[in-house]
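Throughout, read-outs are computed from the coordinates displayed, never taken from laboratory work. Everything numeric here is computed off the predicted structure, so don't read it as measured data. Note: ideal-geometry Cβ built from the backbone for every residue, glycine included; neighbour counts use all protein chains shown.
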Amino acid sequence: MKTSKIIFFVLVGTIAGLILAAMIDLRINGRRDSDISSDFKVNKHSLKFFRTLTITNSMNVTLVKNDSSFFEITSLKDSISQTVNFSMNDDTLKISDFEKLSHSNASIRIHANNSLRHVLLKNSNLTLESFSTEELSLTINQSNVVLSESEPYKSRIHFLEIRANNHSNVYGREFYVDSMGIALQHSEISLDGITLKLGGTLADSSRIQARQPQEVWLKKDATSKININDY
């Protein structure tokens with residue numbers, strides 16, 4: 001067989017292999033978002049006015065800004081319908097026991113309007129997703145908070161107060177806060193967003209890492225650490 005024919009058949013075989021691999025990859029990984037979303041179901045619950053949100057022993061919870069107040073439970077379509085232990089008491093919404101073992105494939109998305117002022121967490125995880133407001137306080141006990149921004153620096157919090165204790169952690173990037181006040185006890189904060197003013201106290205082996213604000217006032221004890229990056 002001539003060399004040119006050998007090269008031709010090798011080339012054809014290679015192309016066929018690439019096409020087959022591409023088809024397999026498309027079958028496995030090329031699903032459209034609409035196809036993926038069809039795997040889930042969403043149950044919506046309307047809420048009345050609330051100023052305080054309390055979350056206890058819960059995970060997979062996200063807080064977003066909206067003109068109206070409600071929450072959604074998202075879970076796999078073929079799974080047993082998930083329930084949320086929640087109650088309304090005066091102006092307080094309480095959510096509890098949405099735990100990892102029984103809700104690993106489900107999540108809660110809370111929509112809050114401008115009335116929300118206080119968030120209290122105990123043994124829970126919470127994500128604030130592109131959340132804008134004038135004033136918000138976070139009181140967290142043995143919990144984790146993520147400040148998430150889908151579009152860098154689009155949302156803005158005028159004043160954010162964070163009180164964290166008992167091995168709590170706060171992490172955020174690409175968000176904007178005009179003024180932040182902190183009080184940490186045996187907890188950590190890592191901020192890669194823009195904070196114009198930062199002040200507060202650290203105690204009991206606490207730690208903060210942040211981008212250089214325009215104004216800084218921080219006080220710590222001998223066991224705690226402050227790391228301010230100028231970039």
Task: Sparse-neighbour loop sites [trypsin sites (Lys or Arg not before Pro); the range 78-182; at most 11 other C-beta within 10 Å; DSSP] - done: LYS100
Open item on the list: Net charge around ASN165, counting only other residues with Cβ within less than 12 Å of its Cβ (Lys, Arg = +1; Asp, Glu = -1)?
Closed with: 0
TODO: Taking amide H positions as placed in the peptide plane 1.01 Å from N, state which residues far from THR127 in sequence (5 or more) or on other chains have amide H under 5 Å from it.
DONE: VAL61, THR62, LEU63, VAL146
TODO: Quick one: net charge around THR223, please, counting Lys, Arg +1 and Asp, Glu -1 for every other residue with C-beta under 12 Å from its C-beta.
DONE: +1
Open item on the list: Please list, in order along the range 213-221, the HN-Hα scalar couplings obtained from phi with the Karplus expression 6.51 cos²θ - 1.76 cosθ + 1.60 (θ = phi - 60°), rounded to whole Hz, x for Gly and Pro.
Closed with: x, 6, 10, 9, 9, 9, 10, 9, 8
- [ ] Answer with one residue from GLN82, PHE70, ILE189: the one whose Cα lies farthest towards the positive end of the charge dipole of the range 33-229, charges on Cβ with Lys, Arg +1 and Asp, Glu -1.
- [x] ILE189
Task: Per-residue ³J(HN,Hα) for the range 69-77, Karplus 6.51 cos²θ - 1.76 cosθ + 1.60, θ = phi - 60°, Hz, x for Gly and Pro - done: 10, 6, 9, 10, 10, 10, 8, 4, 4
Open item on the list: Counting only other residues whose beta carbon sits under 12 Å from that of VAL145, what net charge do I get with K and R as +1, D and E as -1?
Closed with: -1
Open item on the list: What does DSSP give for the range 61-171 in terms of the percent of beta bridges that are antiparallel, rounded to the nearest 5?
Closed with: 30 percent
Task: Under-5 Å amide H pairs with VAL170, H placed in peptide plane, nonlocal only - done: VAL145, GLU188, ILE189, SER190
Open item on the list: Using a 7 Å offset from the Cα along the Cα-to-Cβ direction at both ASN43 and ARG156, what is the distance between the two label points in nm, to one decimal?
Closed with: 4.0 nm
Open item on the list: Can you compute 3J(HN,Hα) from phi for each residue in the range 108-117, using the Karplus curve 6.51 cos²θ - 1.76 cosθ + 1.60 with θ = phi - 60°, rounded to whole Hz and x for Gly and Pro?
Closed with: 10, 10, 9, 9, 10, 9, 5, 6, 5, 10
Task: Unit Cα scatterers, Debye sum, the range 33-229: log10 I(q)/I(0) for q = 0.08, 0.15 Å⁻¹ - done: -0.27, -0.92
Open item on the list: Could you list PHE98, PHE50, PHE86 so that the one with the fewest beta carbons within 10 Å of its beta carbon is first and the one with the most is last?
Closed with: PHE86, PHE50, PHE98
- [ ] Could you compute the FRET efficiency for TYR171 and ASP90, with r as their C-beta to C-beta distance and R0 at 35 Å, rounded to 0.05?
- [x] 0.65
